[in-house]
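Below is one structure, written out as structure tokens; the observations come after it.
Quick note: the coordinates plus some simple rules give every number you see, no bench work behind them. The shown structure was predicted, so the numbers you read here are calculated from the model rather than taken from an experiment. Please note: Cβ atoms are built from the backbone with ideal geometry, for glycine as well, and neighbour counts cover all protein chains shown.
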Amino acid sequence: AQSVTQLDSHVSVSEGTPVLLRCNYSSSYSPSLFWYVQHPNKGLQLLLKYTSAATLVKGINGFEAEFKKSETSFHLTKPSAHMSDAAEYFCVVSDRSQAGTALIFGKGTTLSVSS
Amino acid sequence: DTGVSQDPRHKITKRGQNVTFRCDPISEHNRLYWYRQTLGQGPEFLTYFQNEAQLEKSRLLSDRFSAERPKGSFSTLEIQRTEQGDSAMYLCASSFLVGSDREQFFGPGTRLTVL
């Protein structure tokens, strides 16, 4: 069975400081991994995805994540937080060996950014 | 470019009533998914369609829930005899089944409140 664990339910940073949102995954197969962001009253938006190409994945708005198979981790980082980054972030896994299967979401990490 | 749309955006109903939600996917997408998101949790998979065929249902989808995608385009999700525990955000997503790309595009959701 596949699962994801987001290690922090809430992360608070100051504007201009680095962001680190941690995610560990469990998968019996080769996983596809994603980070989605959800702003209040808005739909889920894909930030970035890993599907077996480069292990360091760059996404939108300056975010990136590194796939580390040995650590079963896919942590999300950004060098410098902006106020607009405040939102809910979800780490997501799916089974790459089966086309088009359901996504398995973590419980989410709320990112707060203070000025 | 139109994304995934859902209607209504909000629905308030009394316990025991039936409700129906509609999802219009991105036009060329042949996969359509329904998820449910309760407060403070990540979305959980309910069911998905490939064209008009319903290929998988989660154990979360009790017999009070039914979903259809009659012509392989829009989909409806009906909940009969609603219960207070059905209060949640119902999310629809669509994807195009090509290669190993698993990105799903999400609609804004329908927020259901059962009184």
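Remarks
- Ordered by the number of other Cβ atoms lying within 10 Å of each residue's own Cβ, fewest first, B:ILE26, B:ILE79 fall into the sequence B:ILE26, B:ILE79.
- Note on B:THR13 and B:ALA53: with the Förster distance fixed at 41 Å, the Cβ-Cβ geometry gives a FRET efficiency of about 0.90.
- The residues B:ARG15, B:ARG36, when put in order of fewest to most other Cβ atoms within 10 Å, stand as B:ARG15, B:ARG36.
- For region A:49-58, Karplus couplings with θ = phi - 60° (6.51, -1.76, 1.60), whole Hz, Gly/Pro x: 8, 10, 9, 5, 7, 4, 6, 9, 10, 9
- Length added when fully stretched, A:ASN61-A:ASN41, from 0.36 nm per residue minus Cα-Cα: 5.3 nm
- Dipole moment magnitude, nearest 20 debye, chain A about Cα centre, only Lys, Arg, Asp, Glu C-beta charged: 220 debye
- Where chymotrypsin sites (Phe, Trp or Tyr not before Pro) fall in DSSP loop in region A:14-57, at most 14 other Cβ within 10 Å: A:TYR29
- Shown for B:PHE65, A:PHE90: other C-beta atoms within 10 Å of each C-beta, ranked fewest to most, produce the order B:PHE65, A:PHE90.
- Here B:ASP63 and B:GLU103 are evaluated by their C-beta separation; at R0 = 30 Å the FRET efficiency comes out at 0.40.
- DSSP bridge pairs, chain A: antiparallel proportion in percent, nearest 5: 90 percent
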